[in-house]
Amino acid sequence: MTKKTYTDYFFDEPAYNTHDGGYVPLVEPDTSENKLAVPELLKPDKDTATDTYYTVEALAGETQVLPGAKTKTWGYNTSLLGKTILFEKGKMIHIDLKNSLPELTTFHWHGLNVPGPYVDGGCHAPVYPGETKHIDFKVIQPAATLWLHAHPCPSTAEQVWHGLAAPVIVKDAEEAKLPFPRNYGVDDIPVVLQDRKFHEDNQWDYNADYDPDGVQGPTAMINGTVNPYFDVTTQRVRLRFLDGANRREWRLHFSDDLAFTQIASDGGILPEPVKFTHLMLTCAERAEVIVDFKDYKPGSEVTLYSDDVPIMKFKVHEFKPDSVELPDHLVDINNPEVTPDAPIHHIVMSGMDEEVMMDDKKFGMQRIDSTQQLGNVEYWDVTNTNDMAGGMVHPYHMHGTQFLVISRNGHEPYPNEHGYKDTVGVNPGETVRLKVWFDYAGVFMYHCHIIEHEDGGMMAQLEVIDPEHPQTYKLMDHHTLMKAFAEERGIKVEDLHLAGMTSYEKMNMDM
Ligand SMILES: [Cu+2]
């Protein structure tokens with residue numbers, strides 16, 4: 001495989017979140033170590049050669065995260081985060097979306113190529129408390145690590161903070177032929193990176209910690225586990241990293257500068273594996289990596305850090321030697337020609353705090369900001385104009401597509417950006433050119449994935465139009481949404497406080 005080992009994070013150092021005035025540094029927790037929780041696989045209600053049926057239930061519960069009082073948490077089919085949901089390419093999937101929470105939520109399939117806006121599960125697909133909605137779709141994309149999270153703007157950030165985020169794994173025949181570890185829970189695990197602040201009685205308090213540039217906490221929480229360790233029982237371990245934090249960037253590296261190999265990005269397997277010692281993930285990005293423990297003896301420990309703070313340990317046990325080498329070339333990437341005469345989309349992310357905007361506007365639920373014809377392949381030039389105090393990296397995400405990163409300010413993308421992505425970190429002063437196409441018509445959102453920025457209005461939506469089958473969509477409106485939240489809480493709309501709305505109020509704008 002490729003010989004070069006990269007040693008940097010690629011992103012612009014002056015824009016790291018550590019330079020943000022409101023940055024909350026990670027602190028090593030002073031609790032005893034805990035075995036890493038590996039989410040169980042969600043059991044299908046029924047599974048045939050062609051169809052899989054699931055019930056995904058959003059529920060409120062309590063979780064023993066720290067010693068002492070349990071933390072009030074939300075999750076999918078479990079009290080915190082969610083069971084891992086498996087999809088097989090080519091199959092029809094049927095899901096009952098059940099909301100057992102005290103308030104409305106949506107079920108957004110981040111990274112999944114499905115029709116918008118209802119199956120996609122953005123803000124236009126509310127499921128009210130006590131209600132069950134049903135979706136059906138076909139899995140048409142390659143093997144990848146995706147995720148499910150709540151998306152009821154402007155309360156997405158608070159619901160994700162409560163715990164509504166679950167790993168989703170897509171499998172296919174091509175991935176199955178590659179020499180990757182894939183024994184789930186043993187040598188292939190999701191690693192959901194989040195951070196929280198624990199208040200009195202080990203509770204989370206979103207409003208107390210609110211920051212319009214993104215809520216952070218000093219304690220790293222990996223798969224819902226604080227101070228975790230994982231037992232390594234095979235020479236190679238595949239980690240499916242997901243930055244599931246509201247705001248935090250993770251700058252990952254191992255003790256001894258142990259090199260590791262990225263094999264997949266957000267939307268699937270990379271064309272070539274990329275070896276490095278350091279990896280930065282911005283919010284919502286995924287990276288599948290293989291770590292080779294061949295140089296470690298049983299009894300030794302390997303530590304994973306973010307910046308200088310240890311966040312997870314790997315305890316090495318006896319394992320069978322493994323001489324598998326990754327091939328230089330993993331998969332072919334479909335890189336279609338741009339449609340002649342297609343327009344180039346220009347997207348500008350600007351501002352910080354309550355002033356965040358996309359194209360000088362805040363998100364409007366009923367406004368379509370852009371259109372693209374189904375079947376067209378078009379360039380999207382995404383600019384981050386934010387240069388206040390070094391600026392910040394905005395992770396730009398599009399629903400309903402896996403795009404290709406073509407260039408950064410006219411230069412080659414980073415070495416690990418040659419595969420499909422749905423989220424890309426854009427540095428201050430940078431324009432990232434994307435090549436974008438859609439498999440389905442519909443209304444899809446695009447936004448910064450610092451979740452407080454998206455709730456605060458750094459978000460817009462496009463309609464993908466199939467001229468042969470024109471459709472109209474019932475889009476959620478702000479009044480209906482606020483009324484529903486107020487009713488669920490038994491209060492008047494005037495008394496309703498949703499953190500994200502403060503950004504609109506301060507700028508005298510409507511959603
Ligand atoms: Cu942002």
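Show which lysines lie in cross-link reach of K435 when reach means a straight Cα distance below 21 angstrom and same-chain residues fewer than eight apart are skipped.
K421
In percent, how large is the relative contact order of the stretch 336-403, given Cα pairs closer than 8 Å and 6 or more residues apart?
Worked out over the stretch 336-403, it gives 41 percent.
Please give the calculated 222 nm ellipticity per residue for the chain, where each DSSP H segment of at least 4 residues contributes -39500 (n - 2.57) and the sum is spread over every residue; nearest 500 deg cm²/dmol?
Rounded to the nearest 500, the figure is -1500 deg cm²/dmol.
So if each residue of separation counts as 0.36 nm, and I subtract the Cα-Cα distance between V324 and D231, what length gain in nm does that give?
Taking 0.36 nm per residue and subtracting the Cα distance, the gain is 31.4 nm.
Once ligands and nucleic acids are excluded and a 1.4 Å probe is used, how much of H411 is accessible, expressed in Å² to the nearest 10?
Approximately 130 Å² of H411 is accessible to the 1.4 Å probe.
Just to check I understand the Karplus step: with θ = phi - 60° and J = 6.51 cos²θ - 1.76 cosθ + 1.60, what whole-Hz values come out for the stretch 22-39, glycine and proline as x?
Whole-Hz 3J(HN,Hα) from phi for the stretch 22-39: x, 4, 10, x, 6, 10, 5, x, 9, 10, 5, 6, 10, 5, 4, 6, 9, x.
Among DSSP bridges having both ends in the chain, what percentage is antiparallel? Round to the nearest 5.
So the antiparallel bridges amount to about 70 percent of the total.
Report, ordered by chain and residue number, the aspartates and glutamates lying within cross-link reach of K483, taken as a straight Cα distance under 20 Å and ignoring same-chain residues fewer than 8 apart.
In chain and number order, the partners are E103, E131, E158, D455, E494, D495, E505, D510.
Going 7 Å from the Cα of M509 in the Cα-to-Cβ direction, what parts of the stretch 444-465 have a backbone nitrogen less than 13 Å from that spot?
Only 448, 453-461 fall inside the zone, counting backbone N under 13 Å.
Quick check: net charge around I169, other residues with Cβ under 12 Å of its Cβ, Lys/Arg +1 and Asp/Glu -1?
Result for the neighbourhood of I169: +2.
Given a Förster distance of 45 angstrom, what is the FRET efficiency for K483 paired with E62, based on the Cβ-Cβ distance and rounded to 0.05?
Efficiency, rounded to the nearest 0.05: 0.90.
Just the number, please: carbon plus sulfur as a percent of the accessible area of the stretch 378-511, 1.4 Å probe, no ligands or DNA/RNA counted.
49 percent
Please report, in whole Å³, the volume per residue of the convex hull around the C-alpha atoms of the chain.
Hull volume over Cα atoms, normalised by residue count, gives 142 Å³.
Can you tell me which of 15-21, 335-341 comes out highest on packing, and rank the rest after it, using the mean Cβ neighbours within 10 Å?
15-21, 335-341
For the pairs K46/K138; K89/K313; K46/K133; K43/K133; K3/K177, flag any whose C-alpha to C-alpha distance is greater than 26 Å.
K89/K313
Carbon and sulfur together cover what percent of the accessible area of the stretch 68-183 at a 1.4 Å probe radius?
53 percent
For Q235, list long-range residues whose amide hydrogen, built 1.01 Å from N in the peptide plane, is under 5 Å from its own amide hydrogen.
The answer is K320.
Mind listing the long-range amide H neighbours of G429? Cut-off is under 5 Å, sequence gap 5 or more, other chains count too, H placed in the peptide plane at 1.01 Å from N.
Amide H neighbours of G429: N384, T385, N386.
I'd like to compare 233-242, 198-207, 65-74: which one has the highest average count of other Cβ atoms within 10 Å, and what's the full order after that?
233-242, 65-74, 198-207
State, to one decimal in nm, how far the label point of S255 lies from the label point of I344, with both points 7 Å from Cα in the Cβ direction.
5.0 nm
Hey, can you find the accessible area per residue of the chain for me, probe 1.4 Å, expressed in square angstrom?
37 Å²
Counting alpha carbon pairs within less than 8 Å and at least 6 residues apart, what relative contact order, in whole percent, applies to the stretch 388-511?
The value is 22 percent.
Just reorder D359, D30 by solvent-accessible area, largest first, 1.4 Å probe, all chains present.
D30, D359
Report the relative contact order of the stretch 152-289, percent, no decimals, based on alpha-carbon pairs under 8 angstrom and at least 6 residues apart.
Dividing the mean separation by the residue count of the stretch 152-289 yields 23 percent.
Straight-line reach from K294: which aspartates and glutamates have Cα under 16 Å away, leaving out those fewer than 8 places along the same chain?
By straight Cα distance, K294 reaches D187, D231, D256, D257, E318, D322, E325.
List residues of the stretch 41-74, by number, whose backbone nitrogen lies under 16 Å from a label position 7 Å along Cα→C-beta of A208.
Backbone N within reach: 66, 69-73.
Return, ordered by residue number, the residues of the stretch 252-296 whose backbone nitrogen is under 14 Å from a label point located 7 Å along Cα→Cβ of N335.
270-272
The values are calculated or read from the model by the stated rules, or taken from the named source; none is laboratory data. Fair warning: this is a prediction, and the values are worked out from it, not measured in the lab. Backbone-built Cβ (ideal geometry, glycine too); neighbour counts: all protein chains shown. For accessibility, only protein heavy atoms count, side chains too; no ligands or nucleic acids. Shrake-Rupley method; radii C 1.70, N 1.55, O 1.52, S 1.80 Å.
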